[in-house]
């Protein structure tokens with residue numbers, strides 16, 4: 001898998017709930033899909049065209065959470081680095 005490729009996009013969506021059944025039928029009709037084959041990517045395409053504000057909220061929330069996690073990871077890394085440096089300094093002082 002290349003960076004930026006998500007194999008879940010090409011997975012067929014199973015109509016195992018009433019909402020999925022409605023959505024798969026709707027998207028299948030819009031895409032004039034053969035054999036009731038509707039993928040996640042097809043659903044996203046329709047959502048982007050017909051309900052972009054829904055996808056934007058999801059994308060923004062995902063970005064904010066990812067950014068927050070990255071900042072938390074950086075802070076943790078800095079703390080670990082600082083603690084390691086202090087431990088080495090103490091070890092060096094004890095060995096002198």
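Bear in mind that the values in this text are calculations on the coordinates, not laboratory data. Because the structure is predicted, anything quoted here is derived from the model rather than measured. Backbone-built Cβ (ideal geometry, glycine too); neighbour counts: all protein chains shown.
Computed from the C-beta positions of residue 58 and residue 37, the FRET efficiency with R₀ = 30 Å rounds to 0.80. When only Cα pairs below 8 angstrom with a gap of at least 6 residues are kept, the chain shows a relative contact order of 19 percent. Tell me, what is the Rg over Rh of the stretch 52-96, with Rh the Kirkwood radius over Cα pairs? That ratio equals 1.48. Between 70, 59, 48, the Gaussian network model of the chain with springs among Cα atoms under 10 angstrom shows the greatest mean-square fluctuation at 70.
Between [x] 12.4, 38; [y] 24.0, 79; [z] 12.9, 38, which entry matches Rg and Dmax of the Cα atoms in Å as derived from the coordinates of this structure? Calculated Rg and Dmax of the Cα atoms in Å: the matching label is [y]. Value of Rg to Rh for the stretch 1-50, rounded to two decimals, is 1.00; Kirkwood radius and Rg both from alpha-carbon coordinates. The calculated 222 nm mean residue ellipticity attributable to helices in the chain amounts to -25000 deg cm²/dmol, summing -39500 (n - 2.57) over DSSP H runs of n ≥ 4 and dividing by all residues. A simple spin-label model places pseudo-atoms 7 Å from Cα toward Cβ; at residue 72 and residue 20 they are separated by 2.9 nm.
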